[in-house]
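Nothing in this text is a laboratory measurement; each read-out follows from the coordinates by a stated rule. On a predicted model such as this, the values are computed, not experimentally measured, just so you know. No Cβ is skipped: glycine too gets one built from the backbone with ideal geometry, and neighbour counts run over all protein chains shown.
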Amino acid sequence: MVVFDLETTGLMQDPEAFPTVGVSHDVHAGQYGMWDRKDLKGLASYLKGADIVSGFNILRFDLPFLERETGISLDGVAVLDPFQHILKHTGRFVGLDKVLGALWPNNPEMRKSDSGADAIGMYRRGEIERLRSYCALDVYLETAVALEAVMNGLMVGDKTLPPMTEDDIQVYKTSLKPIAMPTAVVSKSFTTIH
């Protein structure tokens, strides 16, 4: 499973908006990647090779943005999008921070550091390292949500994921450790894979 997130200059409806930075996390390999705008075709190709692609609201936002920017279709990729699952079953738009608060109510470290609007401002002010750190933290948090979904049998497309063994669960939980805090991201403790 590869979890990814894009930061952009605006919403998908804005034809002038474009992705500014992306972060991916190969959960199986425990490897994080940082993708700048010039590298997004590489990110799209990388995602096409994943067994499952996950992220929060990627079906409505990140995947369409990536396809528009690169011209590479990601049709046929197995997608796990907890946002879509929540929307389908509750009829409500629920943000990532609310989901994090529900899953980890007593852990303030499991919260976003900023918002998407803040990320746009970071880009406009030239705060690219801060933007990268924000995006990497989002991917870390989205990985935690995706793993909770996997461990609880959430469906990917029309298929229910196979049940996880205790060994599988331990591997997934261990994979969350490379970026335990935003400060690890700031110190560039991730691996660039492109």
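General observations
- Cross-link partners for residue 98 among the aspartates and glutamates, with Cα-Cα distance under 20 Å and sequence neighbours closer than 8 places in the same chain left out: 5, 7, 62, 81, 109, 114, 118, 138, 142, 148.
- Between segment 1-56 and segment 100-126, the alpha-carbon centres lie 18 Å apart.
- Other residues lying with their Cβ under 11 Å from the Cβ of residue 142 contribute a combined charge of -4, Lys and Arg counting +1, Asp and Glu -1.
- Using the Karplus relation 6.51 cos²θ - 1.76 cosθ + 1.60 with θ = phi - 60°, the per-residue 3J(HN,Hα) values for segment 46-51 come to 4, 5, 4, x, 7, 5 Hz, with x marking Gly and Pro.
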